[in-house]
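Structure record follows, encoded as structure tokens.
The values are calculated or read from the model by the stated rules, or taken from the named source; none is laboratory data. These figures come from a predicted structure and were not determined experimentally. FYI the Cβ positions are ideal-geometry reconstructions off the backbone, even for glycines, and counts take in every protein chain you see.
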Amino acid sequence: MNFEDLQVIWNSMEDQPLYALDHKAMHAMVEARTRRIHRTLDKLEWTWIGVALSTAVILPLDAWREGGGAHQYLVALVCAAFGFSLAFARWQRSRCVVRFDDSLKGIVQSAVSKIDRYLMGLKWCYWGFHVPIALVGLIGLTVARGSWSPGIAAAVLGVSLVSYVGVRRDAQVKRQEKRELSQLLEKLNMEPETTLE
């Protein structure tokens, strides 16, 4: 092929976009990702609510039956407060849901919004649930034993650190997913609006 032929091909392609997004495939991929985020968030919230409220019921019964210490009642109170506040926050969110349009941009915006909610939930769960439970548990076990135990302190600290590392790892994965979706949203904002058939 000589230069003139290449020039003719180049000139004919000048008015055509160099790339085109397959909107149907992207729409299906983003919808699947959004559904997965939504399912994960729902499971996580219901699990937190269930564990917190069942702990709030079981601990005082066990303490009453076995003559446990006040720390068990305090842990149950923290669990009940966490469970009810999470259920209340979930109820309030369901009353004022932000509706996004059914376009590809709307679905991506919805997914980004759900990831933000998930990240806030992770932070709130760790600092509003794990840390208070660890502190109350450490203090309660120390009081119940009548003395400070470095072994118990190390165990509580170890469990807290493992929990923190798990929450951080999960948050990193979700932040990466949010970055990818945000980049996709930027690309979509640069393109003219398309409709799906």
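Here are some notes:
- Single match in Ala81, Ala52, Ala70 (criterion: surrounded by fewer than 16 Cβ atoms within 10 Å (Cβ to Cβ), farther than 30 Å from Glu180 by Cα, within 22 Å of the chain's Cα centre (by Cα) and of a type in the set (A, V, I, L, M)): Ala81
- Residue in region 136-159 that is in contact (Cβ under 8 Å) with a residue 24 or more places away in the chain and among the hydroxyl-bearing types (Ser, Thr, Tyr) present: no
- Among the residues of region 24-43, those that are at pLDDT 80 or above and either of a type outside the set (D, E, K, R) or in contact with a helix residue (DSSP H, G or I) (Cβ under 8 Å, 6 or more places away or on another chain) (or both) comprise Ala32, Thr40.
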